[in-house]
Structure formats: C-alpha cells, structure tokens
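Structure first, commentary second.
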Amino acid sequence: MNHAIESVLSSLRFADEEQAQQSLQQITELGIPTDLLEGFLEQLVRELAKFSEQDRVLTSLHRFLDSSRSPLSFLGLLEREPDALGTLLQLFSTSQYVADLLIRDPDAFDIVRLTDGQPVARSILRDEILAEVRAI
C-alpha cells in the first residue's frame, strides 16, 4: 500500500508531507479491503486537489474515518455516492468547527448529506422525537 500512499503524496501539494503520509498510512490501516481502499485513494486525489488547505482537510478526513463506527461502510457509501466525498471535504475545508462537530458525531454527516444541508421541517423533527420517546 506504500505505492498508493506515494502516489497520493506526489499528486497533491501538502505543506507537511510527513504529517500527510502519517494520516494516509493510518487510513490504510483501518482494515479496509485493498480494492475499496485503492478506489477511495484515487477519488481522494481528485477531490482533495480542489482545495487549497489540503493538509487540514486530509487530517480532518483521517480523524473522521477514525471516529466513525465503520470506516468500511463509509467507504462503501462513497463508492455508491461519489459526490459525498466532495461534500464532506468541502465542509472540512470551510470550517474547522464544522469539521470537529462531524468528527465527534460522524453519523451527523448522513443528515447533512440526505437533507442537502437544508433545515429539517419542525413537524418532522417533532414527529421523530415523539417516536423516539414512545419507543423508550
């Protein structure tokens, strides 16, 4: 997998190449099958190239994957919905505060993704909360 990491490093502009290499190495050690991981790294190069702060975005992505319940499931999502990675990286690039929120609660990204970042109607939220309370 070192060849894949070297390919990513040579394709992008990291200010701290050593930190980027460490983040990529840790991502490759999350137990993701090689074929899925290689496809993800190719997608990552394409998407990450769009951002000026590649170091910060990559670090946030590593932290996000590390904190998610199932990095494998998340990469499966990215395979099915390739636009999702660009959306996530855009959020990481825009605000470190938002990045930290998503890293603390990776499942919140599903809500952002499914609602296109738009507020959920109050009645829907109320109904969901009531359903949760009734279930308890």
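How much accessible area per residue does the chain have, counting only protein heavy atoms and a probe of 1.4 Å, in square angstrom? Before the final figure, lay out the partial values.
Details: 8320 Å² over 136 residues.
The answer is 61 Å² per residue.
Using a Gaussian network model of the chain whose springs link C-alpha atoms within less than 10 Å, name the residue from LEU101, LEU89, LEU65 with the highest mean-square fluctuation.
In the Gaussian network model the winner is LEU101.
Going by alpha carbons, how many degrees (0 to 90, nearest 10) lie between the helix axis of 71-80 and the longest principal axis of the chain?
90 degrees
With a 1.4 Å probe and all protein chains kept in place, how much accessible area does SER67 have, in Å² rounded to the nearest 10?
Approximately 50 Å² for this residue.
Roughly how many debye, to the nearest 20, is the charge dipole of the chain about its Cα centre, given +1 on each Lys and Arg Cβ, -1 on each Asp and Glu Cβ, and no other charges? Write down the numbers at each step before the final one.
Values: 12 positive and 23 negative charges, 95 e Å.
Around 460 debye, computed over the chain.
Treating the angle as unsigned and between 0 and 90°, give the value, to the nearest 10°, between the Cα long axis of helix 17-28 and the longest Cα principal axis of the chain.
Computed tilt is about 60 degrees.
Which of LEU125, LEU78, LEU37 ends up with the largest GNM mean-square fluctuation for the chain, with Cα atoms connected below 10 Å?
LEU125
Express the carbon and sulfur contribution to the solvent-accessible surface of the range 62-136 as a percent, rounded to the nearest whole number, probe 1.4 angstrom. Write down the numbers at each step before the final one.
Details: 2770 of 5030 Å².
Its accessible area is 55 percent carbon and sulfur atoms.
Taking the Cα atoms only, what angle lies between the long axis of helix 122-135 and the longest principal axis of the chain, rounded to 10 degrees?
Once rounded, one gets 80 degrees.
With every protein chain in place, what's the accessible area of THR59 (1.4 Å probe, Å², nearest 10)?
We get 50 Å² for THR59.
Among LEU102, LEU114, LEU91, determine the one that fluctuates most according to a GNM of the chain built with springs between C-alpha atoms less than 10 Å apart.
LEU114
The values are calculated or read from the model by the stated rules, or taken from the named source; none is laboratory data. In this text the structure is predicted, and so the values were computed from the model without any measurement. Cβ sites come from the backbone with ideal geometry, for glycine too, and all protein chains shown count toward neighbours. Side chains included, ligands, DNA and RNA excluded: accessible areas come from the protein's heavy atoms. Shrake-Rupley method; radii C 1.70, N 1.55, O 1.52, S 1.80 Å.
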